[in-house]
Amino acid sequence: MNRHQELGQSEQEQEEVTGLVCQEDDLKDGQMKEVTVGDQNVLLVRTHGQYSAIGNKCSHYNAPLVKGALVGDRVRCPFHGACFNVRTGDIEEYPGLDCLPSYKVKVEDGKVYVSINKKTIMLTKRVKEMCSLAPDIKHTILLIGGGPASLVCAETLRQNCYQGRIIMVTKDTLPPFDKPKLSKAMNLDSSSILLRSSDFYQQYGIEVWTQKEVVSVNSANKAVMLNDGILQRYNQLLISTGCRARPLSCPGCDLQGVKLLQSYEDAREIHNSCLGQKAVIIGASFIGMEVASFLSDKAASVAMVGSTRYPFERSLGPEIGKMTMQMLEEQNVKFYMDDRVTGDKRREREGEGGGADQWYSPGS
Ligand SMILES: Cc1cc2nc3c(=O)[nH]c(=O)nc-3n(C[C@H](O)[C@H](O)[C@H](O)COP(=O)(O)OP(=O)(O)OC[C@H]3O[C@@H](n4cnc5c(N)ncnc54)[C@H](O)[C@@H]3O)c2cc1C
Ligand code: FES
């Protein structure tokens with residue numbers, strides 16, 4: 001190493017904070033450990049005889065990855081299953097959009113050191129490198145739908161140097177947002193559930209057209225018609241319109257107070273109309289159970305109707321179903337299982353002092 005290189009190296013070392021985190025033989029292949037360097041929470045991993053280090057907090061909702069599963073070079077988040085490459089910190093499976101920081105690891109004299117650049121020590125996530133729009137490129141990719149599928153497609157295009165026009169059309173009132181949150185906290189402010197800020201879309205040249213519905217697609221002419229009469233041409237089209245909640249089809253399903261949970265507005269409306277009222281939830285799977293839990297201390301009463309013996313029975317089996325049912329029973333949720341709704345009898349029962357004020361179907 002010449003003097004110039006030595007100087008460069010020592011300058012670099014001054015910009016870093018380095019911590020001795022363990023002895024080389026503390027971890028075996030396939031093991032992970034949470035360590036702290038500076039104030040940063042770091043996941044130290046040993047695979048194929050080599051150490052690597054990345055941020056320990058999942059970029060989705062900060063779950064501790066050390067409690068996740070390590071398979072090969074990937075760690076899977078214990079909360080919702082996002083996967084990260086332990087060597088690069090890159091995100092490899094969703095939910096979660098951002099990568100994690102990766103840190104320098106050195107093994108010397110049987111000791112393992114992790115170094116973090118002081119300038120980036122506070123960063124717990126990073127956006128993959130992306131290009132932006134080149135105005136002279138006239139090629140257009142149109143994405144129908146404003147859910148995560150469209151958003152990830154737009155970002156992947158920019159990550160792969162696509163510089164044409166990207167238009168995302170959604171009939172939602174919001175740009176892509178975290179839909180799963182709607183059943184877990186129904187009264188959230190819209191700004192707290194957006195997946196990306198408006199600055200992000202601007203920076204990477206991604207157009208998001210909200211409150212516009214595509215009413216027809218003409219693939220021969222490569223054009224779509226929007227509900228406001230606008231005809232938009234495209235070179236390539238992605239249809240990622242997601243799925244819908246299944247509505248009830250029994251008598252009374254169109255009465256006031258019977259609602260489906262699909263949009264941000266639905267969640268707010270259900271929350272507001274259930275406060276201090278009797279709520280009935282039809283569908284005892286994930287979304288229904290989450291809503292029951294959320295409403296249990298807000299509604300006057302919560303009843304749950306499910307067609308299996310226990311909640312989640314088809315997906316998670318009877319043991320877990322029974323356990324979660326007991327947990328919600330302790331929160332005063334009343335279960336009507338192995339049953340189904342055949343109609344809304346409120347009008348008949350009102351005279352008897354019975355009946356629900358709000359019926360809600362998550363469509364499961
Ligand atoms: C209340 C709730 C809770 C959930 N919780 C979880 C969870 O905890 N974990 C989990 O993994 N999944 C959960 N999900 C499911 C998850 O939200 C979906 O799997 C995910 O959103 C699917 O993404 P997507 O982009 O394919 O479609 P969506 O997110 O459904 O997006 C479809 C988009 O298409 C738009 N669209 C449809 N038709 C048109 C049209 N003609 N013109 C223009 N736009 C149109 C819609 O407005 C919407 O923006 C939940 C869903 C709901 C409703
Ligand atoms: S917190 Fe990790 S996937 Fe949601």
Problem set entry | Identity of the residue in the stretch 139-172, in contact (Cβ under 8 Å) with a residue 60 or more places away in the chain and under 11 Å from E207 (Cβ atoms), that ends up farthest from ligand 2 (Cβ to nearest atom) | T140
For this session: Take P180 and decide whether it is open to solvent by less than 50 Å² (accessible area, probe 1.4 Å) and within 9 Å of ligand 1 (Cβ to nearest atom).
Result: no
Problem set entry | Meets criteria (within 15 Å of ligand 1 (Cβ to nearest atom), of a type outside the set (A, V, I, L, M) and either at pLDDT 95 or above or not assigned by TED's automatic domain parsing to the domain that holds H60 (or both)) for R233 | no
Seminar exercise, completed: Taking the stretch 246-287 and the residues there that are within 18 Å of the chain's Cα centre (by Cα) and in a helix (DSSP H, G or I), the one that is surrounded by the fewest Cβ atoms within 10 Å (Cβ to Cβ) would be F286
Exercise. Just one of I230, I193, I206 is away from ligand 2 (no atom under 16 Å from the Cβ), of a type outside the set (F, W, Y) and open to solvent by less than 50 Å² (accessible area, probe 1.4 Å); which is it?
Worked result: I206
Problem set entry | All positions within the stretch 209-227 that are open to solvent by less than 60 Å² (accessible area, probe 1.4 Å) and among the basic types (K, R) | K212
Problem set entry | Elements of type strands (runs of 3 or more DSSP E) contained in the stretch 45-127, each with 2 or more residues being more than 16 Å from ligand 1 (Cβ to nearest atom) and basic (K, R) | 102-108
Seminar exercise, completed: Checked against (1) open to solvent by less than 70 Å² (accessible area, probe 1.4 Å); (2) at pLDDT 95 or above, Q31 satisfies every condition except (1)
Problem set entry | Residue that is farthest from the chain's Cα centre (by Cα) [pool: residues in the stretch 86-115 that are farther than 18 Å from V35 by Cα and open to solvent by less than 50 Å² (accessible area, probe 1.4 Å)] | D90
Exercise. Does L20 satisfy the criteria of being more than 16 Å from ligand 2 (Cβ to nearest atom) and open to solvent by 40 Å² or more (accessible area, probe 1.4 Å)?
Worked result: yes
Exercise. Taking interchain pairs and intrachain pairs at least six residues apart, which have beta carbon atoms under 8 angstrom, with the first residue in the stretch 305-326 and open to solvent by less than 50 Å² (accessible area, probe 1.4 Å) and the second in a helix (DSSP H, G or I) and of a type in the set (D, E)?
Worked result: G321/E313
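If I ask for residues that are acidic (D, E) and modelled with pLDDT under 90, which ones from the stretch 6-28 would you list?
Matches in the stretch 6-28: E6, E11, E13, E15.
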For this session: Show the residue pairs that are 6+ apart or on different chains and have beta-carbon atoms under 6 Å apart, the first residue being within the stretch 209-222 and farther than 19 Å from G147 by Cβ, the second being hydroxyl-bearing (S, T, Y).
Result: K222/Y234
For this session: Determine whether A220 is away from ligand 2 (no atom under 16 Å from the Cβ) and in contact with a Leu (Cβ under 8 Å, 6 or more places away or on another chain).
Result: no
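The values are calculated or read from the model by the stated rules, or taken from the named source; none is laboratory data. Owing to the predicted nature of the structure, the values given are computational and were not obtained by experimental measurement. As a convention, Cβ positions derive from the backbone with ideal geometry for all residues, glycine included, and neighbour counts pool all protein chains shown. Note: areas computed on protein heavy atoms with side chains; ligands, DNA, RNA excluded. Shrake-Rupley method; radii C 1.70, N 1.55, O 1.52, S 1.80 Å.
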